[in-house]
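J.: Structure in structure tokens, see below.
The values are calculated or read from the model by the stated rules, or taken from the named source; none is laboratory data. As the structure is a computational prediction, the values presented were derived from the model and not from experiment. Quick reminder, even Gly has a Cβ in these numbers, built from the backbone with ideal geometry, and neighbours come from all protein chains shown. These accessible areas exclude ligands, DNA and RNA; they are computed on the full protein's heavy atoms, side chains included. Shrake-Rupley method; radii C 1.70, N 1.55, O 1.52, S 1.80 Å.
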Amino acid sequence: MKKFTASLKYLILYGVAFFISFPFLWMVFTAFKSLTESITFPPRLFPQVWHWENFVQAWMAAPFFRYFMNSLMVSLIVSVGVVITSLLAAFAFVFLKFNFKKILFNLFISTMMIPFEAIMIQNFMLIKKFGWYNSYWALIVPWLASAFAIFLFRQSFMQIPKDYIEAAELDGCFPLELLWTVVIPLSKSAIATVFLFSFLGSWNSLLWPILVTDNPDLRVIQFGLALFLEEQGTQYPLLMAASTLTILPVTLLYFFVQRQFIEGMTGSGLK
Amino acid sequence: MCMIILCWGCQSRINKDENHILFWHTQTRENARALEEIVAGFNQKQKDFEIVAQYIGRYDQLYQKIIGAIRAGDPPDLAVAYESMVLEFMQAGVVAPLDPYYDELDLKEQGNYFDPFIATNRYPAYQNQLLSFPFTKSVLMLYYNADLLKKNGWDHPPRSWNEFYEICAAIKKNDRIIPYALSVDASKIVAMIYSWGGEVWNPDQQRTCFSEAAGQSVFQFIQKLYEEKLVYQIRPKSYDDQNALATGQAAFMIRSSTSRPFLQQLVGKNFELGMTILPKNSEIDKNTVLFGANICIFKSSDIRQRRAWKFIQYFTSSPVTALWATKTGYLPVKKGAIDEPVFKDFIKQDNINLEALNALPFAKAEPTIRGWQEIRSIIENNETAVITGQMDYKSAVKLIDIESDKIIQKQIN
């Protein structure tokens, strides 16, 4: 009976895992299909003939290496930047004493409620005024601070036992020393989560890069993917081939930080 | 540090000066390659200045970028735009009227353009000025699975909506599929109303006329198709109708004539794909709508505007517009293109390539009035309501006119 229950449990888990990963599998297998086969009815998961050349065609359809490197660089800088600025801001909100702390924090958090579309044009005009149009600055700087990341770090910092902080203060730790030696080592999961979220956000962004650049050398990976959406229809196999190639780094990144990511999500009280 | 150096190193290399005319467009893949070839040909032909063509994304992204650029006081020289977009840009007063340039052309040259293409770029809301010029034009066509029709005893496509209904009913009965895959789109409703001999806009009374006889008949017809399960609505903004037709899950769909090359790729040799003008229910001279985007010039210095116009003239010259049509499936904008060898070869390859051009004399533009984009949404919402059985056709057409009137009044005030 025990064996049966365990088998059933695994069966259900495998079923759920397959269900969740189905879109991913669909993407990978569609990448190998012909255009006609990609829309066949009833749909088939596996291709009849494996079109490996789709990957070559997709890669050659645009300067994907350039786009890939641009996205990678922008996403890495943005993610590191967000982690640094948010760590400092959250540290101040939790461990430092200053006037209007609560009001300021609420003000920060309230910015999360303003949709990007509402401030997009104003931000664009600002970028133009700064002379950053068509530069990496425009792709990076506006995203170096994140209210959500500050909130997430704050929640995480508040769970650090006060004894640790008091002990460090008794030992004569300066605030930044406290952050470096006590808070950061205890917040690795939250840092990994913020890093991953920021990386994903930056990697997936399309509208902002389109707005602030028109130099082909500054285009990002999502721009390359959009090229497969033709006015008359979508080249699904090529789009899926390009998507498969482009999600590789994000997937690899996730495999490396998945433990910290899950801990960070559960530790900060987010679901 | 390396990153910062890299950042500085990759500042814009495109200077916006009088020698570089910036052109924002939405073309991708083969169409983009054709456009690049044309632009390269133009840049080689004359050395005074250079056209810099840039793909900016889909129409909504292009629109947002242009709005941002307008507010920042730095729009491009040329951009692709639908009539509704041009009307929006005009509210900021940034679109250069093209009449002074167009009027410089001799009458023979003016007459060489297909009339409907020029007519659709004149804007009654702005004293009928020519504010844009035809770029990627097409007409709305009926696509069908010719083999399936033949199997059901029809050796020709439907010529009237009654025939369309009869064929749908036969296919439903014999092949057990819902024959008409419909993507809800205001243009299709407008086309159907034209094909019923009606109008959608009364310029004298400044109001829409969906609740008049033709509008009522169209919505009643759609309701009948829905009730008899002869039509189904596809996911909005998707290409599911193309997929359904290509895989034999539907017998009909209505889309722009430019869909044909891509659709033919999907169909392959599985069956004979047909494309024809929309059916009509009375002896009328217009039974489809003009589709497609235009190109507009933004106000700048006289020399820049002239240079932008020079490119438009080149792009719409008979040999170039013929080449563009053969490579993309869009319609040539000049009559002279038909006599170009490249276009003659194109027709020789497959006679179906001529169908869209043959439909052009029967095509009419949608109204170019302020607020039309919002009215389109109202039409689509009410069409969805009818096709999903949430509303009867009489209420739908009445509601369209009432809601449209509010929008028009808002625009007038």
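J.: Can you name the residue in region A:204-224 that is open to solvent by 20 Å² or more (accessible area, probe 1.4 Å) and either within 11 Å of another protein chain (Cβ to nearest Cβ) or under 27 Å from A:Pro47 (Cα atoms) (or both) and is also modelled with the lowest pLDDT among such residues?
T.: Start the filter on region A:204-224 by keeping residues that are open to solvent by 20 Å² or more (accessible area, probe 1.4 Å), which leaves A:204-207, A:216-217, A:222.
In the following step, the residues that additionally are either within 11 Å of another protein chain (Cβ to nearest Cβ) or under 27 Å from A:Pro47 (Cα atoms) (or both) were identified as A:206-207, A:216-217, A:222.
Numbers: A:Leu206: 91, A:Leu207: 90, A:Pro216: 85, A:Asp217: 91, A:Gln222: 90.
Among those that are open to solvent by 20 Å² or more (accessible area, probe 1.4 Å) and either within 11 Å of another protein chain (Cβ to nearest Cβ) or under 27 Å from A:Pro47 (Cα atoms) (or both), it is A:Pro216.
J.: Exactly one condition in (1) more than 19 Å from the chain's Cα centre (by Cα); (2) at positive phi is not met by B:Ser395; state its number.
T.: That leaves (2) as the condition not met.
J.: So which residues in region B:308-322 are part of a helix (DSSP H, G or I) and either free of Cβ contacts under 8 Å to residues at least 12 places away in the same chain or more than 19 Å from the chain's Cα centre (by Cα) (or both), if there are any at all?
T.: Matches in region B:308-322: B:Ala308, B:Trp309, B:Lys310, B:Phe311, B:Gln313, B:Tyr314, B:Ser318, B:Pro319, B:Val320.
J.: Please enumerate the residues belonging to region B:44-56 that are more than 26 Å from the chain's Cα centre (by Cα) and open to solvent by less than 30 Å² (accessible area, probe 1.4 Å).
T.: B:Gln46, B:Phe49
J.: Filter region B:66-99 for residues that are farther than 18 Å from B:Thr136 by Cβ and within 11 Å of chain A (Cβ to nearest Cβ) and give the result.
T.: Within region B:66-99, B:Ile67, B:Gly68, B:Ala69, B:Ile70, B:Arg71, B:Ala72, B:Gly73, B:Asp74 qualify.
J.: Could you list all residues from region A:89-119 that are outside any helix (DSSP H, G or I), away from chain B (no Cβ under 14 Å) and either closer than 18 Å to A:Ser146 by Cβ or free of Cβ contacts under 8 Å to residues at least 40 places away in the same chain (or both)?
T.: Residues satisfying the conditions are A:Lys97, A:Phe98, A:Asn99, A:Phe100, A:Ile114.
J.: Please determine, by comparing only the residues of region A:5-40 that are part of a helix (DSSP H, G or I) and of a type in the set (Val, Ile, Thr), which one is farthest from B:Tyr239 (Cα to Cα). Working first, answer last.
T.: Step one: list which residues in region A:5-40 are part of a helix (DSSP H, G or I), which gives A:5-30, A:35-38.
With of a type in the set (Val, Ile, Thr) added as a condition, the list becomes A:5, A:12, A:16, A:20, A:28, A:30, A:36.
Details: A:Thr5: 45, A:Ile12: 35, A:Val16: 30, A:Ile20: 25, A:Val28: 21, A:Thr30: 17, A:Thr36: 14 Å.
Among those that are part of a helix (DSSP H, G or I) and of a type in the set (Val, Ile, Thr), it is A:Thr5.
J.: Taking the criterion of being in contact with a helix residue (DSSP H, G or I) (Cβ under 6 Å, 6 or more places away or on another chain), without any contact (Cβ under 8 Å) to a residue 60 or more places away in the chain and part of a loop (DSSP other than H, G, I, E, B), would at least one residue in region B:347-367 satisfy it?
T.: No: region B:347-367 contains no residue that is in contact with a helix residue (DSSP H, G or I) (Cβ under 6 Å, 6 or more places away or on another chain), without any contact (Cβ under 8 Å) to a residue 60 or more places away in the chain and part of a loop (DSSP other than H, G, I, E, B).
J.: Let me ask you something else. Mind listing just one residue for me: the one in region A:136-175 that is in contact with a helix residue (DSSP H, G or I) (Cβ under 7 Å, 6 or more places away or on another chain) and in a loop (DSSP other than H, G, I, E, B) and, of those, nearest to A:Phe95 (Cα to Cα)?
T.: Residue satisfying both the conditions and the ranking: A:Met158.
J.: For the condition assigned to a loop (DSSP other than H, G, I, E, B) and away from chain A (no Cβ under 12 Å), what is the one hit in B:Asp17, B:Asp103?
T.: Values: B:Asp103 fails: assigned to a loop (DSSP other than H, G, I, E, B).
Going through B:Asp17, B:Asp103 in turn, just one is assigned to a loop (DSSP other than H, G, I, E, B) and away from chain A (no Cβ under 12 Å): B:Asp17.
J.: Among (1) within 18 Å of the chain's Cα centre (by Cα); (2) under 17 Å from A:Ser156 (Cα atoms), which single condition is A:Val220 missing?
T.: (2)
J.: With the condition kept exactly as written, say whether any residue in region A:57-71 is in a loop (DSSP other than H, G, I, E, B), away from chain B (no Cβ under 14 Å) and under 26 Å from the mean Cα position of the chain (by Cα).
T.: So far as region A:57-71 goes, no, none of its residues is in a loop (DSSP other than H, G, I, E, B), away from chain B (no Cβ under 14 Å) and under 26 Å from the mean Cα position of the chain (by Cα).
J.: Within region B:43-65, can you find the residues that are of a type in the set (Lys, Arg), more than 9 Å from chain A (Cβ to nearest Cβ) and not in a loop (DSSP other than H, G, I, E, B)?
T.: Quick first cut of region B:43-65, residues of a type in the set (Lys, Arg) only: B:45, B:47, B:58, B:65.
Now narrow it down to the ones that are more than 9 Å from chain A (Cβ to nearest Cβ): B:45, B:47.
Correct list: B:Lys45 only.
J.: Evaluate region A:120-142: report whether one residue or more is at pLDDT 90 or above, out of contact with any strand residue (DSSP E or B) (no Cβ under 8 Å at 6 or more places or on another chain), more than 11 Å from chain B (Cβ to nearest Cβ) and surrounded by 17 or more Cβ atoms within 10 Å (Cβ to Cβ).
T.: Scanning region A:120-142 turns up at least one residue that is at pLDDT 90 or above, out of contact with any strand residue (DSSP E or B) (no Cβ under 8 Å at 6 or more places or on another chain), more than 11 Å from chain B (Cβ to nearest Cβ) and surrounded by 17 or more Cβ atoms within 10 Å (Cβ to Cβ).
J.: Looking at (1) within 14 Å of chain B (Cβ to nearest Cβ); (2) surrounded by 19 or more Cβ atoms within 10 Å (Cβ to Cβ), can you tell me which one A:Ala31 breaks?
T.: (1) is the only condition that A:Ala31 fails.
Residue by residue, here is whether (1) within 18 Å of A:Ile77 (Cα to Cα); (2) in contact (Cβ under 8 Å) with a residue 40 or more places away in the chain; (3) surrounded by fewer than 15 Cβ atoms within 10 Å (Cβ to Cβ) holds:
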position: A:Ala145; (1), (2), (3): yes, yes, no
position: A:Arg154; (1), (2), (3): no, yes, no
position: A:Phe157; (1), (2), (3): no, yes, no
position: A:Leu176; (1), (2), (3): no, no, yes
position: A:Gly201; (1), (2), (3): yes, yes, no
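J.: Take the residues in region A:225-235 that are open to solvent by less than 20 Å² (accessible area, probe 1.4 Å) and within 7 Å of another protein chain (Cβ to nearest Cβ), then tell me which one is nearest to A:Ser38 (Cα to Cα).
T.: Checked region A:225-235; the qualifying residue nearest to A:Ser38 (Cα to Cα) is A:Thr234.
J.: Considering only strands (runs of 3 or more DSSP E) fully contained in region B:208-304, which possess at least 2 residues that are crowded, with 23+ Cβ neighbours inside 10 Å?
T.: Output list reads B:252-256, B:288-297.
J.: A further question follows. Looking only at region B:261-270, decide whether some residue is away from chain A (no Cβ under 14 Å), in contact with a helix residue (DSSP H, G or I) (Cβ under 7 Å, 6 or more places away or on another chain) and touching a residue at least 24 places away in the same chain (Cβ under 8 Å). Even if it seems obvious, please write down each step before you answer.
T.: At the first step, the residues of region B:261-270 found to be away from chain A (no Cβ under 14 Å) are none.
So far as region B:261-270 goes, no, none of its residues is away from chain A (no Cβ under 14 Å), in contact with a helix residue (DSSP H, G or I) (Cβ under 7 Å, 6 or more places away or on another chain) and touching a residue at least 24 places away in the same chain (Cβ under 8 Å).
J.: If I go through region B:66-87 residue by residue, how many of them are modelled with pLDDT under 90 and assigned to a helix (DSSP H, G or I)?
T.: So in region B:66-87, the residues modelled with pLDDT under 90 come out as B:68, B:71-74, B:84.
With the extra rule that they be assigned to a helix (DSSP H, G or I), the set shrinks to B:68, B:71, B:84.
Qualifying residue count for the region: 3.
J.: With of a type in the set (Phe, Trp, Tyr) and surrounded by fewer than 17 Cβ atoms within 10 Å (Cβ to Cβ) as the only criterion, which of B:Tyr59, B:Tyr101, B:Tyr82, B:Tyr63 stands out?
T.: Exactly one of B:Tyr59, B:Tyr101, B:Tyr82, B:Tyr63 is of a type in the set (Phe, Trp, Tyr) and surrounded by fewer than 17 Cβ atoms within 10 Å (Cβ to Cβ), namely B:Tyr59.
J.: Confirm whether B:Lys327 is of a type outside the set (Asp, Glu), open to solvent by 50 Å² or more (accessible area, probe 1.4 Å) and under 29 Å from B:Ser187 (Cα atoms).
T.: Working: of a type outside the set (Asp, Glu): yes; open to solvent by 50 Å² or more (accessible area, probe 1.4 Å): yes; under 29 Å from B:Ser187 (Cα atoms): yes.
Judged against the criteria, B:Lys327 is a match.
J.: Just checking, which of B:Ala119, B:Ala146, B:Ala181, B:Ala169 is open to solvent by 20 Å² or more (accessible area, probe 1.4 Å) and at pLDDT 95 or above? Give the steps one after another, and end with the answer.
T.: Numbers: B:Ala119 fails: at pLDDT 95 or above; B:Ala146 fails: open to solvent by 20 Å² or more (accessible area, probe 1.4 Å); B:Ala181 fails: open to solvent by 20 Å² or more (accessible area, probe 1.4 Å).
It is B:Ala169.
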